Amino acid sequence: MSTKQIGIIVGSLRRNSFSRAVAKALTSLAPENLSLRIIEIGDLPMFNQDFDEDGNTPESWTRFRNEIKALDGFIFVTPEYNRSFPAVIKNAIDIGSRPYGSNAWDGKAGGIISVTPGSLGAFGANHQLRQPMVFLNVLMMQQPEAYISNIAEAVNEKGEVTSERTLDHLKNYLEAFSQWVNNVSAS
Ligand code: FNR
């Protein structure tokens, strides 16, 4: 089975982000046939259609679009902001979806892991994020779902996920995602 290239998109730019801690844990738990790496989105200027139309496309947009196009799939690791997903993720989605007719996300496999120090699993962020991705023709894995609550208790002061339960959960998620990417690639 060929190795699939998977990007991880983190929805927080915060230095001590729990979401980034989960993303880093994923990279160390990758099954054999997945190569996982974080795709940075913090340097993407806010979407403005004029940049493309005026021939002033920011270099970081081009880098990001090319990175997404080269992937077989991606996993969003998102916190929840006010019962939705953060603007940095929406900005990245919109940039990847344009110029019109050049949707970098098209036909790829997608997954979502939502993370919160609270107790509701960032359900709102998780489900709202599905909406634009379905529109952009991303094949989103439906099961298993991944809602990670009480994340502060699973991460140490160095920003490492240390909870065996959480690590097991992430490992199982990745195994299912690996199968999902293979199914999407074969279809
Ligand atoms: C939050 N937080 C939050 N948490 C949650 O479970 N549901 C929510 O709707 C919100 N809303 C919200 C809005 C804004 C603007 C901020 C800054 C925060 C708390 C959030 O889960 C917490 O700050 C996490 O630590 C953010 O994720 P990172 O940065 O640790 O990855």
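Values quoted throughout were computed directly from the atomic coordinates according to the rules given, and no laboratory measurement underlies them. Computed from a prediction, not measured in an experiment: that's the story for all the values here. Backbone-built Cβ (ideal geometry, glycine too); neighbour counts: all protein chains shown.
Shape analysis of the chain yields a ratio of the Cα radius of gyration to the Kirkwood radius, Rg/Rh, of 0.96.
In which sequence would LYS158, LYS90 go, from the one with the fewest C-beta neighbours within 10 Å to the one with the most?
LYS158, LYS90
Can you list the residues of the stretch 113-143 with backbone N under 13 Å from a point 7 Å past the Cα of LEU13, pointing along Cα to Cβ? Inside the label zone: nothing.
Among PRO99, PRO86, PRO117, which one shows the biggest mean-square fluctuation in a GNM of the chain, springs joining Cα atoms closer than 10 Å? Answer for the Gaussian network model of the chain: PRO99. Rg ratio for the stretch 53-152: its Cα radius of gyration over 2.2 N^0.38 Å, N being its residue count, equals 1.14.
Judged by the gyration tensor of its Cα atoms, with axes a ≥ b ≥ c, the stretch 1-99 is oblate; a/c meets the 1.5 cut and b/c is at least as large as a/b. Paramagnetic label reach from ALA186 (point 7 Å along Cα→Cβ; backbone nitrogen cut-off under 19 Å): within the stretch 124-149, residues 139-144.
All other residues with a Cβ under 13 Å from the Cβ of ASN16 taken together, and with Lys, Arg as +1 and Asp, Glu as -1, what is their net charge?
+3
In the stretch 90-187, Cα pairs under 8 Å separated by at least six residues give a relative contact order of 27 percent. Stokes-Einstein diffusion coefficient for the stretch 79-136 at 37 °C in a medium of 0.692 mPa s, Rh from the Kirkwood formula over Cα pairs: what value in µm²/s? Translational diffusion coefficient: 271 µm²/s. Rg over Rh for the stretch 94-187 works out to 1.04, both radii taken from alpha-carbon positions and Rh defined as the Kirkwood radius.
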